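Data block below; observations after.
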Amino acid sequence: MSGPMNATAGLQISDVSISYGRRPVLQGLSLPPLIPGEVVTLAGPNAAGKSTLLRAIAGLARFSGTVTLDGQNLAQLSPPARARIIGFMPQTLPAGASLNVLETVITALRASGERNVTAPPETRAMAVLTRLGISHLALAGLDQLSGGQRQMVSLAQSIVRDPRLLLLDEPTSALDLARQVRLLSEVRRIAAEGRVVVTVLHDLALAARWSDRIAILHKGGLYAFGPPAEVVTPTMLAEVYRVEARVERCSRGHLMVQIDGEIPDPPKG
Amino acid sequence: MSDTAPLHDYHRQNRRRLWLVLAMIVMALLAVVVDLTTGPSGLPLSETIRALTGGEVARGTSVIIWQVRLPIAIMALLVGAALALAGAEMQTVLENPLAEPFTLGVSAAAALGAGVAIVLGLTLPFLPPGWSITANAFLFSLGALGLLQLMGRLRGGGPEVLILFGIALNFTAAAFLSLLQFIASAEDLQQLVIWTMGSLQAVTWTSVTILALILLLTVPFALAASWRLTALRLGEEQARGFGVDVTALRRWALLRVSLLAATAVSMVGVIGFIGLAGPHIARMLVGEDHRFMLPASIATGALLMSAASTLSKLLIPGTLLPIGLVTSLIGLPIFFWLILRGRSAR
C-alpha cells in the first residue's frame, strides 16, 4: 500500500497465513495491536502454529499478510536490520560449540554487523549476563552447561541487541521452578522498559500469572484473545484442549486451573 | 567490581590466541626453510640461505633452490593453507566435523578429471601444453562442488542433504575412476595412480602464483565472515535470529571452498587429511571464535603440509614418497589421537 506510514506504536499482525508445503498452519490470522510494555502469550494445543507465528514475525518462516513494528513493515527489512530491532529466542538451545558463554553473547551482538557507539560489545554482553544473574558462567564452556543454563544464555543472546520486540519460544521449557520465576520476572521488567514481548508458553497457569494478554490459537486461527481471566475459561479448555477443568481464583487473586479429566473425542462419522 | 574479571580474562585469552596464531605462522615459515634445506643434493643451510639472499653460489645450486625447491616448498605451504581453510569453512557451514573437500568427493572428482585426461585423452581445446590434467581436474572438482550446491538448492538444502550428496558424489567419482583404471594401459595406469597419491614435483612458479592469487582472493572474504560463521556454530536458528542470512553465508562459503580445493587439488593431486586435521588442531588451540580459528587453521594446514613435504624426502632415504601418502600417514595418527582425546575429556 502506498498510503501514509502507519504510525501506530507496537506490533501489528494482520491477515497472516502460513503453510508448510501444502498444509496450511495459520489462515488469515489477525491480532489487535500489541502495545509496548505488555507481555502477550501465544497458547494453544500442539501444532496450533504458535512457534510458526513467532518464527514468521522473526523473519524465519515465509508468510503472507502484514506484520509491522512501530509502523515499519518487517518483511521489507534485511535480516541484519530485522535482528537489530527483534530479539528471537528459538525453542532449540544453542549447540555445544567450544565457545564460552561470554563469547556466544558477543557473537549474538556482532553477527548482525552492528556497530554500537555507546559501549564495546564485550561490556554490553557482560552487562546482560549480570542482569540475568549468570555472570558467574561468563567463562564457562557452552558444552559444560546444563539445559537450563543454556536456556538462560539463549535469553541473554536474544536481549543483548536491546531489541524493541522480544520473541520467546517456550523460554521456560528447560528451567526449574525458581528459574522459571526468575526468567519471567525478568521478562516482565524487559517489557516494562517499553518493549513488546511475545512468548509461547504451554503452561496456562504460568501464562495467566505473567502475561497481560493471552492469544489462544486453534485450528489455524485465533480462538480467543484478551486478559487471562477472560480467555482461560472452562469452556475454552473443553473446546480447545478437550479437558474438563475448573478455573478458580486463589486468595491472592491468581488464576488456578484444576484439571478433572479428559473429554473423549466425539465419534467420527 | 567482580563483573569486570571475566572481561579481563576474555581479553587476556584473546591476546593468548593471537600469539598462538602468530607462533603457528612462524613455525610454518620455519618449516619451509627446513623443507628448502632437505633434498637429494644435500645442500647445507648456509649455502641455501646464500642462494636465497642472492649471495655468491654455484650456478647449479641457484637453479636447484630457485627453480626446484623454492616453488615446491611454497606450493606445499599454500596447498596446506588452502585445504585447511576449505576444510574449516566446510565443517562450519555444513555443521559436520568430518566435512572437508576430501570426504565430500572433491578430490575423487579431481582424480576422475585427471583420469579422463590421462586415459581417454579428453580435455579442453587450446590449452598450453602440460596443463590438460590440471585443467580437467579443476573442472571436475569445481563441477562436483557445483553439483553439490545445485542438488542442495533443488532439495531445499539443509547441511545433512549436502553431506549425503557429497558422499554419494565421492563414491560415484571413485566408481568411474575404477572403470578408467580398468581400461587404462599399463603406462597410463601408473601415471594416474601416482597422480592420485599427490605430488609436488610438477609444480612451477605459474601454478604457485595461481594458487597464491586464489588465496588472496578468498581469505579476506572468509575472515570478513568470521562472526557469522561463529554464530552458525551455535545452530542455524540461533544464527538466523542474530540476523545472519544463513543461506547466503553457506552459498558464498562453499564457493570459496570450491575455488580453494579445486585449485589446490588440480595442481598437486589428491591430498588427504589436511582439510580435516588442520581445522581440528586449530580448534583445540584457539577455540571456535572464527577470527582466530580460520587463521589458525590456515597456519596449521600450511605447517602440516610443509612438514609432510620434508618427510616425503626423508622417510625413505633416496626415495621421494608421494606427498598425499605422507599426509595420510601423519594425518591418521593425529586424527585417532584427536578422537580418543575428545572422548576422555568428556
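The values are calculated or read from the model by the stated rules, or taken from the named source; none is laboratory data. Note that the coordinates shown come from a computational prediction; the quantities given were computed from them, not determined experimentally. Here Cβ is always computed from backbone atoms with ideal geometry, including for glycine, and neighbour counts include all displayed protein chains. Surface areas here come from the heavy atoms of the whole protein model, side chains and all, with no ligands, DNA or RNA. Shrake-Rupley method; radii C 1.70, N 1.55, O 1.52, S 1.80 Å.
Considering the stretch B:22-75 at the alpha-carbon level, its Rg and Dmax are found to be 11.2, 36 Å. One quarter of the surface of the convex hull around the alpha-carbon atoms of the stretch B:1-113 equals 12.1 nm², the direction-averaged projected area.
Rolling a 1.4 Å probe over the protein heavy atoms gives chain B an accessible area of 45 Å² per residue. Provide, as a two-decimal number, the C-alpha radius of gyration of the stretch A:124-269 over 2.2 N^0.38 Å, N being how many residues it has. Ratio of Cα Rg to 2.2 N^0.38 Å: 1.23. In terms of overall dimensions, the C-alpha atoms belonging to the stretch B:94-152 reach 41, 19, 17 Å along their principal axes, ordered largest to smallest. Distance between the C-alpha centers of the stretch B:67-89 and the stretch A:219-269? Whole Å please. Between the Cα centre of the stretch B:67-89 and that of the stretch A:219-269, the gap is 67 Å.
Mean-square fluctuations from a GNM of chain A, with a 10 angstrom spring cutoff on Cα atoms, peak among A:PRO234, A:PRO120, A:PRO36 at A:PRO120. Here the stretch A:195-258 is treated as a sphere whose radius is the Kirkwood value from Cα pairs; by Stokes-Einstein at 10 °C and 1.306 mPa s it diffuses with a coefficient of 130 µm²/s. Taking max minus min of the alpha-carbon positions on each principal axis, the stretch A:120-200 gives extents of 33, 33, 17 Å, largest first.
Please find, in a Gaussian network model of chain B (springs between Cα atoms separated by less than 10 Å), the residue of B:SER185, B:SER312, B:SER328 whose mean-square fluctuation is greatest. In this elastic network of chain B, the residue with the biggest mean-square fluctuation among B:SER185, B:SER312, B:SER328 is B:SER185.
Take the alpha carbon atoms of the protein assembly as shown, find their radius of gyration, then divide it by 2.2 N^0.38 Å using N residues; give the quotient. Against the empirical 2.2 N^0.38 Å value, I get 1.17 for the protein assembly as shown.
The stretch A:27-70 and the stretch B:1-56 have Cα centres separated by 54 Å.
The mean number of Cβ atoms from other chains found within 10 Å of a Cβ in peptide B:239-252 is 6, as a whole number.
Taking a quarter of the surface of the Cα convex hull of the stretch A:103-153 gives a mean projected area of 3.6 nm². When the Kirkwood radius is taken over all Cα pairs of chain B, what Stokes-Einstein diffusion coefficient follows at 20 °C and 1.002 mPa s, in µm²/s? Taking Rh from Cα pairs, D becomes 102 µm²/s.
Secondary-structure-derived ellipticity at 222 nm for chain A, considering helices only, amounts to -8500 deg cm²/dmol, per-run term -39500 (n - 2.57) for DSSP H runs with n ≥ 4. When A:GLU186, A:GLU122, A:GLU244, B:GLU56 are compared by accessible surface with a 1.4 Å probe, the order from highest to lowest is B:GLU56, A:GLU244, A:GLU122, A:GLU186. Eigen-decomposition of the gyration tensor built on the alpha-carbon atoms of the stretch A:19-107 gives equivalent ellipsoid semi-axes of 25, 18, 14 angstrom, largest listed first.
Counting every alpha-carbon pair across the stretch B:66-122, the share separated by more than 18 Å comes to 54%. Semi-axes of the equivalent ellipsoid for the stretch A:158-242, computed as √(5λ) from the eigenvalues of its C-alpha gyration tensor and ordered from largest down, come to 24, 15, 12 Å.
Across every direction, the projection of the convex hull enclosing the Cα atoms of the stretch A:11-232 has a mean area of 11.8 nm². Peptide packing for A:139-147, B:82-90, B:293-301 was compared via the average number of neighbouring C-beta atoms within 10 Å per residue; ordered from the highest value, the list is B:82-90, B:293-301, A:139-147. Using Cβ point charges alone (K and R +1, D and E -1), the dipole size of the stretch B:2-344 about the Cα centre works out to roughly 420 debye. Hydrodynamic analysis of the stretch B:158-228 uses the Kirkwood radius over alpha carbon pairs. Inserted into Stokes-Einstein at 25 °C and 0.890 mPa s, it gives a translational diffusion coefficient of 154 µm²/s.
Any idea what the alpha-carbon Rg over 2.2 N^0.38 Å comes to for the stretch B:75-213?
Values: Rg = 15.6 Å, N = 139, 2.2 N^0.38 = 14.3 Å.
Cα Rg divided by the expected 2.2 N^0.38 Å: 1.09.
I need the Kirkwood Rh of the stretch B:235-331: take the reciprocal of the average 1/r across all distinct C-alpha pairs and report it in angstrom. Result for the stretch B:235-331 stands at 15.3 Å. Among the residues of A:80-93, the average count of other protein chain beta-carbon atoms within 10 Å of the residue beta-carbon is 3. Compare B:GLY158, B:GLY287, B:GLY55 in a GNM of chain B, Cα atoms joined below 10 Å, and give the one with the largest fluctuation. Highest fluctuation of the listed residues: B:GLY55. For the stretch A:38-88, the fraction of alpha-carbon pairs lying more than 18 Å apart is 33 percent, rounded to a whole number.
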